[in-house]
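What follows is one structure encoded as structure tokens, with my remarks underneath.
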Amino acid sequence: MESHTVQSEQAATVESQNASPNPKHAQVSKEAAEAAVPRDEVLENFRRMIVLGSPYATGTLPLPPSDFVLFYTTEAGETRSLDLAQASVEQLEQLADACAPATFGRGQQDVLDESYRRAGKMDSSQFTTRIVPERTELLDVVRDELLEGEQSKRLIICELYKLNIYGENAFFKAHIDTPRGTNMFGSLVVIFPTQHEGGNLIFRTDGQEFNFDAAAALKTVTEPSIAYATFFSDIEHEVAVVTTGKRVSLTFNLYFGDIEPGISVSPPTATPASYDAFCGAVEAMLNNDDVFPNGITLAFPMRHVYPVKLSDNREYLSHVHKILKGPDAMVHSVFETLGFQPRVYMFYHMRGFGGQVKFFIRRPLVFPPWASQVEVSEELVREWGGIVVRGSGPDEDRPLGWPRSRPDEEVYWVSPPKIALEKQTFLAYGNQACMGYAYRSLYIVVRIGPAGKRMEFKTWV
């Protein structure tokens, strides 16, 4: 079986996916141009509605005095304890001495680089805390302020991961938290009221920046309290430089506990206002015979990225619809409620060997550490239930081994395709690397039938 090289880059510049690159097809009729007007208005309306909500929540929370007591073991095996609500400088120095230098993930490697991260860390096996999120209001914060709709009622597992200590001049540059399973959706950081300044948590998403000064927030409370930040784990964030004192924090990984095979979970719904508005826009499109009169396949680039398993490229993306967040959950839920079959796909753009091909598949391609390419053929893409996208070029412009064995599919992008996250090497993973999982940019793909027969769409393989 002939196979050719696929690069994981996903259209670094936005090419016109909805038009043929052949100059012979560049001119369109007046009727086609007029038909494009309502179509473009519909897609623009969709784009306006698919916006990110707040992917984080921050604040302070009073806790019983006993919850501030930490027990830990030194390298010499000595057991110590301290009250983090009133720890002395000496006690914090002893805690820092018991910590190891904090590493972080870069690709699939664990890296110690103090020009990027300068902090101490202690594994959960080395210390004991009485803070259990499920026994406090912290889990309510996750449900009420981070999650939406039915998603907030699902089983959530909180895993104590690490203790970190940031001394004077310590920091952690921009990163996203390491995915540690296909069901991981978020992180919870607890910051103790130790004397320190700086160390702000800075979140960046959708072109905006939010700065949470936990040290300043803790100075405003009158009873022993912790500061907290909970956020979706794929959101970029950093720890600013600590200017004085020592900042001590705990990190919990957040997982959905109900996505295992055999457990039925409805895709999460969005808040009623956004859901109803988007549902109305979709219904208006379906009832307009001038919009996609011959039917269409719509591709929605997801606003969040999601963890996939890398150890087996035959692993389907069947778990993803159960962990969708925010606007991604809304898009999937609306189309499924209306009777369509939204599916999660990965998108690849192959160049080389005399041509180019763009295709969707439901199995992540594994890129070896020493290369950014894998071998794949049209036959394999079809076998995996993939979609070869129309507009890849006429036969003479397609790579060798990619004959047009079946008609390609016309796909309209609601938003431009994104560069694959695996190529964005500038962004580090938080804490240590996890060899089995990585975030990927994914797409919701929906087939819609022709005018008057919208529900008569091609079913998936």
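Scanning region 121-136 for residues that are hydroxyl-bearing (Ser, Thr, Tyr) and open to solvent by less than 30 Å² (accessible area, probe 1.4 Å), which turns out nearest to LEU84 (Cα to Cα)? So that I can check it myself, show each step before the final result.
Keep residues of region 121-136 that are hydroxyl-bearing (Ser, Thr, Tyr), which gives 124-125, 128-129, 136.
Now narrow it down to the ones that are open to solvent by less than 30 Å² (accessible area, probe 1.4 Å): 129, 136.
Working: THR129: 11, THR136: 18 Å.
That would be THR129.
State which residue is most open to solvent (accessible area, probe 1.4 Å) when the search covers only region 195-233 and only residues that are of a type in the set (D, E, K, R) and assigned to a strand (DSSP E or B). First the steps, then the outcome.
If we filter region 195-233 for residues that are of a type in the set (D, E, K, R), which is where we start, we get 197, 204, 206, 209, 213, 219, 223.
Now restrict to residues that are assigned to a strand (DSSP E or B): 197, 204, 209.
Values: GLU197: 89, ARG204: 71, GLU209: 116 Å².
Looking at the filtered set, the residue picked out is GLU209.
Somewhere in region 236-243, is a residue open to solvent by 20 Å² or more (accessible area, probe 1.4 Å), over 20 Å from HIS304 (Cα atoms) and in a strand (DSSP E or B)? Yes, that holds for at least one residue. The residue that is most open to solvent (accessible area, probe 1.4 Å), counting only those in region 105-120 that are small (Gly, Ala, Ser) and farther than 17 Å from SER187 by Cα, is SER115. Scanning region 191-219 for residues that are modelled with pLDDT of 95 or more, among the acidic types (Asp, Glu) and out of contact with any strand residue (DSSP E or B) (no Cβ under 6 Å at 6 or more places or on another chain) yields one hit, ASP213. For region 153-207, the set of residues classified as of a type in the set (Val, Ile, Thr) and closer than 20 Å to ALA119 by Cα consists of ILE165, ILE176, THR178, VAL189, VAL190, ILE191, THR194, ILE202, listed by residue number. For first residues located in region 148-159 and farther than 15 Å from GLY53 by Cα and aliphatic (A, V, I, L, M), partners that are modelled with pLDDT under 80 and open to solvent by less than 80 Å² (accessible area, probe 1.4 Å) and lie 6+ apart or on another chain with Cβ distances below 9 Å form the pairs LEU155/ASP258.
The values are calculated or read from the model by the stated rules, or taken from the named source; none is laboratory data. Just so it is clear, the model here is predicted, and its values are computed rather than measured. Glycine also receives a Cβ, built like all others from the backbone with ideal geometry; neighbour counts cover every protein chain displayed. To get the accessible areas, we keep the full protein, side chains included, count just its heavy atoms, and leave off ligands, DNA and RNA. Shrake-Rupley method; radii C 1.70, N 1.55, O 1.52, S 1.80 Å.
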